[in-house]
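Only one structure is covered here, and it is reproduced in the block below.
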Amino acid sequence: MRTPLLSASLLAMALTTPFAQAHQAGDIILRAGAITVAPQEQSSAIWVGALNSDVAGTKASLNSDTQLGLNFAYMLTNHVGIELLAATPFSHDVGVKGMPGAFAGLNGQLGELKQLPPTLSLLYYPMDSGSAFQPYAGAGINYTWFFDDKLTSEAQNKGFSGLDMQDSWGLAAQLGMDYLLGDKLMLNGQVRYIDIDTSGSTSFGGQKVKVEVEVDPWVYMVGLGYTF
Ligand code: NI
(Lines give C-alpha, C1' and ligand atoms only; values in the text may rest on other atoms or scores of the structure.)
Protein backbone atom coordinates (compact mmCIF):
# COMPACT_ATOMS: atom_id res chain seq x y z
CA MET A 1 0.00 0.00 0.00
CA ARG A 2 1.27 3.48 -0.85
CA THR A 3 0.41 6.11 1.71
CA PRO A 4 1.25 9.80 1.27
CA LEU A 5 3.64 9.41 4.21
CA LEU A 6 5.43 6.54 2.48
CA SER A 7 5.60 8.50 -0.78
CA ALA A 8 7.02 11.49 1.09
CA SER A 9 9.62 9.37 2.82
CA LEU A 10 10.59 7.73 -0.50
CA LEU A 11 11.03 11.19 -1.97
CA ALA A 12 13.07 12.34 1.02
CA MET A 13 15.22 9.24 0.68
CA ALA A 14 15.76 10.00 -3.02
CA LEU A 15 16.74 13.59 -2.33
CA THR A 16 19.09 12.73 0.51
CA THR A 17 20.82 9.89 -1.33
CA PRO A 18 22.70 11.64 -4.13
CA PHE A 19 25.09 8.74 -4.71
CA ALA A 20 22.77 5.78 -4.82
CA GLN A 21 24.57 2.54 -5.47
CA ALA A 22 24.25 1.51 -9.12
CA HIS A 23 23.60 -2.07 -10.13
CA GLN A 24 26.49 -4.40 -9.46
CA ALA A 25 27.51 -7.84 -10.62
CA GLY A 26 25.61 -10.45 -8.63
CA ASP A 27 22.60 -8.24 -7.89
CA ILE A 28 19.17 -9.81 -8.25
CA ILE A 29 16.55 -7.21 -9.19
CA LEU A 30 12.85 -7.88 -8.90
CA ARG A 31 10.47 -5.39 -10.51
CA ALA A 32 6.70 -5.36 -10.35
CA GLY A 33 4.21 -3.01 -11.93
CA ALA A 34 1.38 -2.43 -14.34
CA ILE A 35 2.10 -3.83 -17.80
CA THR A 36 0.08 -3.11 -20.92
CA VAL A 37 0.21 -5.14 -24.13
CA ALA A 38 -1.02 -2.95 -27.00
CA PRO A 39 -1.22 -5.01 -30.20
CA GLN A 40 -0.34 -3.14 -33.43
CA GLU A 41 -1.95 -5.92 -35.37
CA GLN A 42 -1.72 -6.26 -39.12
CA SER A 43 -3.80 -9.05 -40.51
CA SER A 44 -4.07 -10.83 -43.80
CA ALA A 45 -7.47 -10.92 -45.47
CA ILE A 46 -9.58 -13.66 -43.93
CA TRP A 47 -9.59 -16.94 -45.86
CA VAL A 48 -13.03 -18.52 -45.96
CA GLY A 49 -13.15 -22.21 -46.79
CA ALA A 50 -16.74 -22.13 -48.05
CA LEU A 51 -15.62 -19.65 -50.75
CA ASN A 52 -12.21 -21.25 -51.16
CA SER A 53 -10.69 -17.75 -51.20
CA ASP A 54 -9.71 -14.68 -49.20
CA VAL A 55 -12.39 -12.06 -48.72
CA ALA A 56 -10.80 -8.77 -49.82
CA GLY A 57 -10.90 -5.99 -47.23
CA THR A 58 -11.43 -8.26 -44.24
CA LYS A 59 -9.16 -8.46 -41.24
CA ALA A 60 -8.86 -9.67 -37.67
CA SER A 61 -8.41 -7.33 -34.71
CA LEU A 62 -7.18 -7.61 -31.11
CA ASN A 63 -7.59 -5.14 -28.25
CA SER A 64 -5.14 -4.08 -25.51
CA ASP A 65 -4.93 -5.42 -21.98
CA THR A 66 -3.16 -4.44 -18.74
CA GLN A 67 -1.96 -6.93 -16.12
CA LEU A 68 0.58 -7.33 -13.32
CA GLY A 69 4.07 -7.43 -14.84
CA LEU A 70 7.14 -8.93 -13.19
CA ASN A 71 10.82 -8.75 -14.14
CA PHE A 72 13.42 -11.04 -12.65
CA ALA A 73 16.89 -9.71 -13.47
CA TYR A 74 20.37 -10.90 -12.56
CA MET A 75 23.43 -8.71 -13.09
CA LEU A 76 26.19 -10.71 -14.77
CA THR A 77 28.55 -7.71 -14.59
CA ASN A 78 28.12 -4.12 -13.38
CA HIS A 79 26.73 -3.21 -16.81
CA VAL A 80 25.17 -6.38 -18.23
CA GLY A 81 22.18 -8.26 -16.88
CA ILE A 82 19.87 -11.06 -17.92
CA GLU A 83 16.14 -10.61 -17.43
CA LEU A 84 12.97 -12.65 -17.58
CA LEU A 85 9.65 -10.91 -18.20
CA ALA A 86 6.62 -12.56 -16.63
CA ALA A 87 3.05 -11.40 -16.10
CA THR A 88 -0.39 -12.51 -15.09
CA PRO A 89 -2.27 -13.73 -18.20
CA PHE A 90 -3.39 -11.14 -20.71
CA SER A 91 -6.89 -11.37 -22.14
CA HIS A 92 -7.73 -9.96 -25.59
CA ASP A 93 -10.95 -9.73 -27.57
CA VAL A 94 -10.64 -11.06 -31.11
CA GLY A 95 -12.75 -9.32 -33.74
CA VAL A 96 -13.62 -9.58 -37.41
CA LYS A 97 -13.82 -6.48 -39.61
CA GLY A 98 -14.68 -5.74 -43.21
CA MET A 99 -16.96 -8.66 -44.10
CA PRO A 100 -19.04 -7.35 -47.03
CA GLY A 101 -22.65 -7.62 -48.11
CA ALA A 102 -24.40 -10.80 -47.08
CA PHE A 103 -21.55 -11.61 -44.66
CA ALA A 104 -21.63 -8.25 -42.82
CA GLY A 105 -23.43 -9.94 -39.92
CA LEU A 106 -20.18 -11.79 -39.16
CA ASN A 107 -18.35 -8.54 -38.27
CA GLY A 108 -17.77 -7.74 -34.61
CA GLN A 109 -16.39 -9.66 -31.68
CA LEU A 110 -15.63 -13.25 -32.56
CA GLY A 111 -14.10 -14.46 -29.34
CA GLU A 112 -11.56 -14.01 -26.62
CA LEU A 113 -8.16 -15.46 -25.90
CA LYS A 114 -5.55 -15.41 -23.19
CA GLN A 115 -1.82 -15.26 -23.66
CA LEU A 116 1.42 -15.26 -21.71
CA PRO A 117 4.50 -13.75 -23.38
CA PRO A 118 7.59 -14.85 -21.38
CA THR A 119 10.61 -12.98 -22.73
CA LEU A 120 14.28 -13.60 -21.91
CA SER A 121 16.53 -10.58 -22.57
CA LEU A 122 20.09 -9.43 -22.22
CA LEU A 123 20.26 -5.90 -20.76
CA TYR A 124 22.98 -3.31 -21.07
CA TYR A 125 23.32 -0.44 -18.58
CA PRO A 126 25.74 2.16 -20.01
CA MET A 127 25.89 4.54 -17.00
CA ASP A 128 28.57 4.36 -14.35
CA SER A 129 27.89 3.87 -10.67
CA GLY A 130 27.05 7.14 -8.96
CA SER A 131 24.24 7.90 -11.38
CA ALA A 132 20.80 7.48 -9.87
CA PHE A 133 19.44 7.35 -13.44
CA GLN A 134 20.21 3.98 -14.93
CA PRO A 135 18.83 3.75 -18.47
CA TYR A 136 19.21 0.43 -20.24
CA ALA A 137 18.64 -1.26 -23.55
CA GLY A 138 17.75 -4.89 -24.00
CA ALA A 139 17.24 -7.50 -26.66
CA GLY A 140 15.93 -10.99 -26.35
CA ILE A 141 13.66 -13.78 -27.37
CA ASN A 142 9.95 -14.17 -26.75
CA TYR A 143 7.63 -17.14 -26.63
CA THR A 144 3.95 -16.29 -26.68
CA TRP A 145 1.59 -18.98 -25.51
CA PHE A 146 -2.04 -18.53 -26.55
CA PHE A 147 -4.60 -20.41 -24.50
CA ASP A 148 -8.28 -20.43 -23.49
CA ASP A 149 -9.18 -19.37 -27.05
CA LYS A 150 -12.95 -19.31 -27.15
CA LEU A 151 -15.78 -17.96 -29.28
CA THR A 152 -18.50 -15.67 -27.96
CA SER A 153 -21.90 -17.32 -27.72
CA GLU A 154 -23.11 -14.82 -30.38
CA ALA A 155 -20.42 -16.08 -32.77
CA GLN A 156 -21.42 -19.67 -32.03
CA ASN A 157 -25.06 -18.79 -32.75
CA LYS A 158 -23.97 -17.32 -36.10
CA GLY A 159 -22.44 -20.67 -37.06
CA PHE A 160 -18.81 -20.44 -35.95
CA SER A 161 -17.20 -23.29 -34.08
CA GLY A 162 -13.77 -23.64 -32.49
CA LEU A 163 -11.06 -20.98 -32.20
CA ASP A 164 -7.35 -21.61 -32.21
CA MET A 165 -4.34 -19.27 -32.25
CA GLN A 166 -0.87 -20.65 -32.85
CA ASP A 167 1.93 -19.97 -30.38
CA SER A 168 4.74 -17.69 -31.53
CA TRP A 169 8.53 -17.42 -31.16
CA GLY A 170 10.03 -14.03 -31.95
CA LEU A 171 12.59 -11.37 -31.11
CA ALA A 172 12.02 -8.58 -28.59
CA ALA A 173 13.76 -5.25 -28.00
CA GLN A 174 13.37 -2.82 -25.13
CA LEU A 175 14.42 0.47 -23.59
CA GLY A 176 14.00 1.08 -19.89
CA MET A 177 15.12 3.19 -17.00
CA ASP A 178 15.66 2.59 -13.33
CA TYR A 179 15.73 5.62 -11.06
CA LEU A 180 17.43 4.56 -7.86
CA LEU A 181 15.68 5.81 -4.73
CA GLY A 182 18.33 4.33 -2.49
CA ASP A 183 20.59 1.31 -2.38
CA LYS A 184 17.72 -1.13 -2.84
CA LEU A 185 14.58 0.55 -4.14
CA MET A 186 14.03 2.00 -7.61
CA LEU A 187 11.36 3.40 -9.87
CA ASN A 188 11.21 1.76 -13.30
CA GLY A 189 9.68 2.55 -16.65
CA GLN A 190 10.15 0.46 -19.78
CA VAL A 191 8.84 -0.01 -23.27
CA ARG A 192 9.40 -2.99 -25.51
CA TYR A 193 8.50 -4.18 -28.94
CA ILE A 194 7.82 -7.88 -29.36
CA ASP A 195 7.56 -9.66 -32.69
CA ILE A 196 4.54 -11.93 -32.25
CA ASP A 197 3.16 -13.55 -35.39
CA THR A 198 0.34 -16.05 -35.27
CA SER A 199 -2.33 -17.62 -37.35
CA GLY A 200 -5.86 -17.98 -36.13
CA SER A 201 -8.43 -20.46 -37.28
CA THR A 202 -12.07 -21.19 -36.66
CA SER A 203 -14.75 -22.83 -38.74
CA PHE A 204 -17.94 -21.43 -40.17
CA GLY A 205 -20.75 -23.70 -41.31
CA GLY A 206 -18.35 -26.64 -40.96
CA GLN A 207 -15.72 -25.08 -43.28
CA LYS A 208 -12.39 -23.74 -42.19
CA VAL A 209 -11.77 -19.99 -41.77
CA LYS A 210 -8.26 -18.73 -41.17
CA VAL A 211 -6.17 -15.58 -40.95
CA GLU A 212 -2.52 -14.66 -40.45
CA VAL A 213 -1.98 -11.97 -37.81
CA GLU A 214 1.14 -9.98 -36.97
CA VAL A 215 0.30 -8.96 -33.41
CA ASP A 216 3.65 -7.14 -32.93
CA PRO A 217 2.67 -5.29 -29.74
CA TRP A 218 4.20 -2.36 -27.92
CA VAL A 219 4.50 -3.38 -24.28
CA TYR A 220 4.66 -0.72 -21.56
CA MET A 221 5.44 -1.25 -17.91
CA VAL A 222 5.79 1.14 -14.95
CA GLY A 223 6.51 0.00 -11.44
CA LEU A 224 8.93 -0.39 -8.60
CA GLY A 225 12.06 -2.49 -8.37
CA TYR A 226 14.01 -3.87 -5.47
CA THR A 227 17.58 -5.15 -5.38
CA PHE A 228 18.35 -8.29 -3.39
NI1 NI B 1 5.78 -9.66 -36.84
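The values are calculated or read from the model by the stated rules, or taken from the named source; none is laboratory data. What you are looking at is a predicted structure, and each value in this text was computed from that prediction instead of being measured. We place every Cβ from the backbone using ideal geometry, glycine too, and count neighbours over all the protein chains shown. We work out accessible area using only protein heavy atoms, side chains counted, and drop any ligands, DNA or RNA first. Shrake-Rupley method; radii C 1.70, N 1.55, O 1.52, S 1.80 Å.
Quick notes
- Hey, Asn107 surrounded by fewer than 16 Cβ atoms within 10 Å (Cβ to Cβ) and not hydroxyl-bearing (Ser, Thr, Tyr) or not: yes
- Selection from the range 181-208 of residues that are touching a Phe, Trp or Tyr at 6+ places or on another chain (Cβ under 7 Å), of a type outside the set (Ser, Thr, Tyr) and open to solvent by 10 Å² or more (accessible area, probe 1.4 Å): Lys184, Leu185, Leu187, Val191, Phe204
- Filter result for the condition that a residue is at negative phi, in contact with a Pro (Cβ under 6 Å, 6 or more places away or on another chain) and modelled with pLDDT of 95 or more, over Thr144, Thr119, Thr152: Thr144
- If you go through the range 111-142 and keep only what is under 17 Å from Leu171 (Cα atoms) and open to solvent by 70 Å² or more (accessible area, probe 1.4 Å), you end up with Leu120, Leu122, Tyr124, Ile141.
- Residues of the range 213-228 satisfying the condition of being within 16 Å of the ligand (Cβ to nearest atom) and surrounded by fewer than 19 Cβ atoms within 10 Å (Cβ to Cβ): Glu214, Asp216, Trp218
- Residues satisfying the stated conditions in the range 144-173, i.e. part of a strand (DSSP E or B) and either closer than 19 Å to Val48 by Cα or open to solvent by 70 Å² or more (accessible area, probe 1.4 Å) (or both): Trp145, Asp148, Lys150, Leu151, Phe160, Ser161, Gly162, Leu163, Asp164, Met165, Trp169, Leu171
- Qualifying residue in the range 149-167 (condition: under 22 Å from Gln115 (Cα atoms), within 16 Å of the ligand (Cβ to nearest atom) and not hydrophobic (A, V, I, L, M, F, W, C)): yes
- Lys210 vs. criteria more than 16 Å from the ligand (Cβ to nearest atom) and in contact with a Ser or Thr (Cβ under 6 Å, 6 or more places away or on another chain): yes
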